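Asker: Quick one: this structure, given as structure tokens, is what I'll be asking you about.
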Amino acid sequence: MADFDRDLETALTKALETFDGVENLSAEQRDGVANFLCRNDVLAVLPTGFGKSLLFQLIPGLCLELHNLGYSCYPKSAIVIVICPLNALIECHMKELKHRGISCTCLSGDDADQDGALAGRYSFIFANPEALIVNEKWRKMLQTAVYQKNLFGIVADEAHVSPKW
């Protein structure tokens, strides 16, 4: 376990390079990220501005770094699906990730790269709850080989604003 802890620190330092101004994580963020990496369910109830989004935004970079350190259980091209009921927040997340050079797309909207999403070309796939539930194509996407291999987690962001899930 000591080797993994050391390697996780190395991977975290490398992954944080993408996030200007963030040099390290708070104890709560570290705990959330560590549990996410262990594939445990994570419920982060933290104050506004605490950096909850960073918990999932770090995952593809961490998986890549850990994969490169020899941990084959972490996909080299990890995919995180973020379900968010607020289109404005989806746009904000995508703008920030694209600014950082992290690939992302949204399953709804005019600029959706549906072929790219189906092929697993993005680290982040954003969708509102209805997009995944109503559209059979997106439900089937989760069953494809690329998603079976690379899907690392599904995040429910701002779940408290959805009256029914």
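The values are calculated or read from the model by the stated rules, or taken from the named source; none is laboratory data. All of these numbers come straight from a predicted model, not from anything done at the bench. In this analysis, Cβ positions are derived from the backbone assuming ideal geometry, glycine residues included, and neighbour counts consider all displayed protein chains. The area values use the complete protein model at the heavy-atom level, side chains included, leaving out ligands, DNA and RNA. Shrake-Rupley method; radii C 1.70, N 1.55, O 1.52, S 1.80 Å.
Asker: Could you tell me whether segment 16-23 includes any residue that is touching a helix residue (DSSP H, G or I) at 6+ places or on another chain (Cβ under 9 Å), part of a helix (DSSP H, G or I) and closer than 22 Å to residue 119 by Cα?
Answerer: Checked segment 16-23: no residue is touching a helix residue (DSSP H, G or I) at 6+ places or on another chain (Cβ under 9 Å), part of a helix (DSSP H, G or I) and closer than 22 Å to residue 119 by Cα.
Asker: Could I ask something else about it? If you scan segment 112-151, which residues turn out to be closer than 18 Å to residue 77 by Cβ, open to solvent by 20 Å² or more (accessible area, probe 1.4 Å) and of a type in the set (S, T, N, Q)?
Answerer: 123, 143, 144, 148
Asker: I need a count of the residues in segment 45-64 that are open to solvent by 40 Å² or more (accessible area, probe 1.4 Å) and either under 15 Å from residue 12 (Cα atoms) or part of a loop (DSSP other than H, G, I, E, B) (or both).
Answerer: To start, the set of residues in segment 45-64 that are open to solvent by 40 Å² or more (accessible area, probe 1.4 Å) comprises 45-50, 52, 64.
Add one more test, that the residue is either under 15 Å from residue 12 (Cα atoms) or part of a loop (DSSP other than H, G, I, E, B) (or both), and what stays is 45-50, 64.
The total comes to 7.
Asker: Let me ask something else about it. For segment 21-36, name all the residues that are surrounded by 12 or more Cβ atoms within 10 Å (Cβ to Cβ) and over 19 Å from residue 125 (Cβ atoms).
Answerer: The answer is 22, 25, 26, 28, 29, 30, 31, 32, 33, 34, 35.
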